[in-house]
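Working notes, structure below.
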Amino acid sequence: MRHRVETARVARLATVGVDGHPHLVPVCFAVDGEVVYSAVDHKPKRTIRLRRIANIEATEHACLLVDAYREDWSTLWWVRLDGTGRVVADPAETARAVALLVAKYEQYARRPPTGPVLAIDVTRWSGWTAATDRAATERRAGGSYDR
């Protein structure tokens, strides 16, 4: 489960606003132990004060979904990381997060993100795979599987 998440190139970040409405966006990310980092980067946006940031500051609810879809449904899988979201305030942690993102993404190596860094302190990993031996898969992953 961890390997699939760490090697994935994109995930979907879900947050919840004070109004209870969900907000879902694709993100680049890096994993450091039980913390997932994402940063506001240079890709065109109307503002760097994004809704995901406001939502995390307001409710701290955050979830990251990593998945693989293929026409061969026997290879499908997903992993969900639930936790507490926060905007990173510590400059040393920000630098460490940006370094992880730069190491993972060539685009960030050329132009590191300079916007706010978001962190999810993961409290639960869960996932599902189409693998036929679910018990063996769960033992290898060290996690739970939901449907």
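The values are calculated or read from the model by the stated rules, or taken from the named source; none is laboratory data. This one's a predicted model, so the numbers in the text were calculated from it and none came from an experiment. Counting neighbours? That spans all protein chains shown, and the Cβs are built from the backbone with ideal geometry, glycine included. The area values use the complete protein model at the heavy-atom level, side chains included, leaving out ligands, DNA and RNA. Shrake-Rupley method; radii C 1.70, N 1.55, O 1.52, S 1.80 Å.
When the stretch 55-77 is examined, which residues are found to be assigned to a helix (DSSP H, G or I), at pLDDT 95 or above and under 20 Å from V10 (Cα atoms)?
The one that is assigned to a helix (DSSP H, G or I), at pLDDT 95 or above and under 20 Å from V10 (Cα atoms): I56.
Answer yes or no: is there a residue in the stretch 22-30 that is in contact (Cβ under 8 Å) with a residue 24 or more places away in the chain, surrounded by fewer than 13 Cβ atoms within 10 Å (Cβ to Cβ) and either of a type outside the set (A, V, I, L, M, F, W, C) or not in a helix (DSSP H, G or I) (or both).
The answer is no, given that none of the residues of the stretch 22-30 is in contact (Cβ under 8 Å) with a residue 24 or more places away in the chain, surrounded by fewer than 13 Cβ atoms within 10 Å (Cβ to Cβ) and either of a type outside the set (A, V, I, L, M, F, W, C) or not in a helix (DSSP H, G or I) (or both).
Take R80 and tell me if it is crowded, with 16+ Cβ neighbours inside 10 Å and in contact with a Phe, Trp or Tyr (Cβ under 9 Å, 6 or more places away or on another chain). Spell out how you get there, then give the answer.
Details: crowded, with 16+ Cβ neighbours inside 10 Å: yes; in contact with a Phe, Trp or Tyr (Cβ under 9 Å, 6 or more places away or on another chain): yes.
The answer is yes for R80.
Just wondering, is there one or more residues in the stretch 102-112 that are part of a strand (DSSP E or B), under 20 Å from R9 (Cα atoms) and under 17 Å from the mean Cα position of the chain (by Cα)?
Restricting attention to the stretch 102-112, the residues satisfying the condition of being part of a strand (DSSP E or B) are none.
For the stretch 102-112, residues part of a strand (DSSP E or B), under 20 Å from R9 (Cα atoms) and under 17 Å from the mean Cα position of the chain (by Cα): absent.
Of the residues R70, R2, R9, R52, which single one is of a type in the set (K, R) and buried (at least 16 other Cβ atoms within 10 Å of the Cβ)? If you could, list the steps in order and put the result at the bottom.
Values: R70 fails: buried (at least 16 other Cβ atoms within 10 Å of the Cβ); R2 fails: buried (at least 16 other Cβ atoms within 10 Å of the Cβ); R9 fails: buried (at least 16 other Cβ atoms within 10 Å of the Cβ).
On inspection, the qualifying residue turns out to be R52.
Of the residues that sit in the stretch 123-141 and are open to solvent by 20 Å² or more (accessible area, probe 1.4 Å) and closer than 26 Å to E60 by Cα, which one is modelled with the lowest pLDDT? Write out each step before concluding.
Here is the first cut: in the stretch 123-141, the residues open to solvent by 20 Å² or more (accessible area, probe 1.4 Å) are 123-125, 128, 130-135, 138-141.
The next check asks that each one be closer than 26 Å to E60 by Cα; those that pass are 123-125, 128.
Values: T123: 98, R124: 97, W125: 97, W128: 93.
My answer is W128.
Just wondering, is there one or more residues in the stretch 111-122 that are open to solvent by 40 Å² or more (accessible area, probe 1.4 Å), over 27 Å from A54 (Cα atoms) and touching a residue at least 24 places away in the same chain (Cβ under 8 Å)?
Looking through the stretch 111-122, none of the residues is open to solvent by 40 Å² or more (accessible area, probe 1.4 Å), over 27 Å from A54 (Cα atoms) and touching a residue at least 24 places away in the same chain (Cβ under 8 Å).
Just one of (1) among the polar types (S, T, N, Q); (2) in contact (Cβ under 8 Å) with a residue 60 or more places away in the chain; (3) surrounded by fewer than 16 Cβ atoms within 10 Å (Cβ to Cβ) trips up T75, so point out which.
Only one criterion in (1) among the polar types (S, T, N, Q); (2) in contact (Cβ under 8 Å) with a residue 60 or more places away in the chain; (3) surrounded by fewer than 16 Cβ atoms within 10 Å (Cβ to Cβ) is unmet by T75, namely (2).
For Y108, only one of the following conditions fails: (1) of a type outside the set (D, E); (2) at pLDDT below 95; (3) touching a Leu at 6+ places or on another chain (Cβ under 6 Å); (4) open to solvent by less than 20 Å² (accessible area, probe 1.4 Å). What is its number?
Here Y108 clears every test but (2).
Please verify whether D41 is open to solvent by 40 Å² or more (accessible area, probe 1.4 Å) and either within 23 Å of Y105 (Cα to Cα) or acidic (D, E) (or both), treating the condition exactly as stated.
Details: open to solvent by 40 Å² or more (accessible area, probe 1.4 Å): no; either within 23 Å of Y105 (Cα to Cα) or acidic (D, E) (or both): yes.
Judged against the criteria, D41 is not a match.
Quick one: which residue in R52, R96, R4, R80 is outside any helix (DSSP H, G or I) and of a type outside the set (A, V, I, L, M, F, W, C)?
Details: R52 fails: outside any helix (DSSP H, G or I); R96 fails: outside any helix (DSSP H, G or I); R4 fails: outside any helix (DSSP H, G or I).
From the options R52, R96, R4, R80, the qualifying one is R80.
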